[in-house]
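The values are calculated or read from the model by the stated rules, or taken from the named source; none is laboratory data. Keep in mind the model is a prediction, meaning the values are calculated, not measured. We place every Cβ from the backbone using ideal geometry, glycine too, and count neighbours over all the protein chains shown.
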Amino acid sequence: MRFSFSRKRFRDLSEQEILALAISSEEDDARIYRGYAEALRAEFPDSALVFEGMAREEDEHRKRLIDLHKQRFGDVIPLIRREHVAGYYNRRPVWLIENLGLERIRAEAGAMEREAEAFYTAAAARTTDAATRKLLGDLAAAEAGHQATAEDLEAKHLDPETRQTEEEAAHRQFLLTWVQPGLAGLMDGSVSTLAPIFATAFATQDTWTTFLVGLAASVGAGISMGFTEAASDDGQLSGRGSPIKRGVASGVMTTLGGLGHALPYLITDFWTATVIAIVLVFIELWAIAWIQNRYMDTPFWRATLQVVLGGALVFAAGVLIGSG
């Protein structure tokens, strides 16, 4: 037997159901804020205190809503949640947002309160029942109050010096988790694949064979670099962050670095493909030098010497081996 479940439209909800929906929504938001606090506690304890305070505010509003429900409808609260109502705003699953950076978490929290306020305000404007309009208006005001409370909590726990310290720590974590392994992968993929690709190109002058060798070298290097990065450091002692994130960054960028000068060999004319590949190699190497200078504070002349000169030597080796 097949069962179908159709969500109820918001305008068809009774006042009791609207109140029950508000209660469950407050419960969910308090749980999300506590999850944020727990995720931030180790690295950003002051921001964790902000989210703990916001969770307590949600708890207080939930208690007020429950008291109102008891006064109007009794002790039994209907089980109705966001996903049961068509057109009601939804929160993203916690597992999609629990690993976000500090600034993104703050932005998500602000969006949560704005979505709730906007929904309740729009719902109040569409109803003609006075009691329902008042209830929805009160909920909208409560959500607006949450935003003001969040600002007060930030002012209390996050003085300018603390905020700057946390933002610097978040930036440093971003560099260690994403930029550094990604840059290492891009360098390895761009430089290490030069020799096999161009050796094959000049040895065979067959563009399809050269492309297959480049594809294999790029994908193989990406898998190797990704697993090596993830397995070499779990991030607990070094503070470099999730090994999975670092492995993905390193593996993907390694593959892309090699594919950059392998893809031109999809062109059937050998010299056209080779000239384009050489131009792309030049662009790749200078881009890596710029990234090192921009994000890793490496002096530009040193980055140029390390990357461009090293890449040129590997490229020359591949051409000489292939031509011989």
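Take the conditions crowded, with 18+ Cβ neighbours inside 10 Å, modelled with pLDDT of 75 or more and more than 26 Å from Y36 (Cβ to Cβ) and apply them to T200. Does it pass? The answer is yes for T200.
Within region 29-44, restricting attention to residues that are in contact with a helix residue (DSSP H, G or I) (Cβ under 7 Å, 6 or more places away or on another chain) and closer than 20 Å to H69 by Cβ, the residue that is modelled with the highest pLDDT is A30. How many residues does region 13-51 contain that are surrounded by fewer than 19 Cβ atoms within 10 Å (Cβ to Cβ) and over 14 Å from R82 (Cα atoms)? Of the residues in region 13-51, 13 are surrounded by fewer than 19 Cβ atoms within 10 Å (Cβ to Cβ) and over 14 Å from R82 (Cα atoms). Residues satisfying the criterion are present in region 177-192 (criterion: part of a helix (DSSP H, G or I), modelled with pLDDT of 80 or more, more than 27 Å from the chain's Cα centre (by Cα) and under 30 Å from A317 (Cα atoms)). Which condition number in (1) surrounded by 18 or more Cβ atoms within 10 Å (Cβ to Cβ); (2) assigned to a helix (DSSP H, G or I) is the one that A231 fails? Checking A231 against (1) surrounded by 18 or more Cβ atoms within 10 Å (Cβ to Cβ); (2) assigned to a helix (DSSP H, G or I), the one that fails is (1). Against the test of being free of Cβ contacts under 8 Å to residues at least 60 places away in the same chain and of a type outside the set (D, E, K, R), the options A20, A39, A30 yield a single qualifying residue, A30.
With within 14 Å of D188 (Cα to Cα) and in contact (Cβ under 8 Å) with a residue 60 or more places away in the chain as the only criterion, which of A273, A249, A289, A277 stands out?
Step by step, each of A273, A249, A289, A277 is checked, and only A249 is within 14 Å of D188 (Cα to Cα) and in contact (Cβ under 8 Å) with a residue 60 or more places away in the chain.
With respect to (1) outside any loop (DSSP other than H, G, I, E, B); (2) farther than 25 Å from Q306 by Cβ; (3) touching a residue at least 24 places away in the same chain (Cβ under 8 Å), the lone exception for A216 is condition (3).
Across region 242-266, what is the number of residues that are among the polar types (S, T, N, Q) and not in a helix (DSSP H, G or I)? Final tally of qualifying residues: 1. Of the residues making up region 269-281, at least one is out of contact with any Leu (no Cβ under 7 Å at 6 or more places or on another chain) and in a loop (DSSP other than H, G, I, E, B).
Each residue in region 291-324 was checked for being surrounded by 14 or more Cβ atoms within 10 Å (Cβ to Cβ) and either on the phi > 0 side of the Ramachandran plot or at pLDDT 80 or above (or both), and 13 of them qualify. Scanning region 254-281 for residues being surrounded by fewer than 24 Cβ atoms within 10 Å (Cβ to Cβ) and closer than 13 Å to M225 by Cα gives a total of 1.
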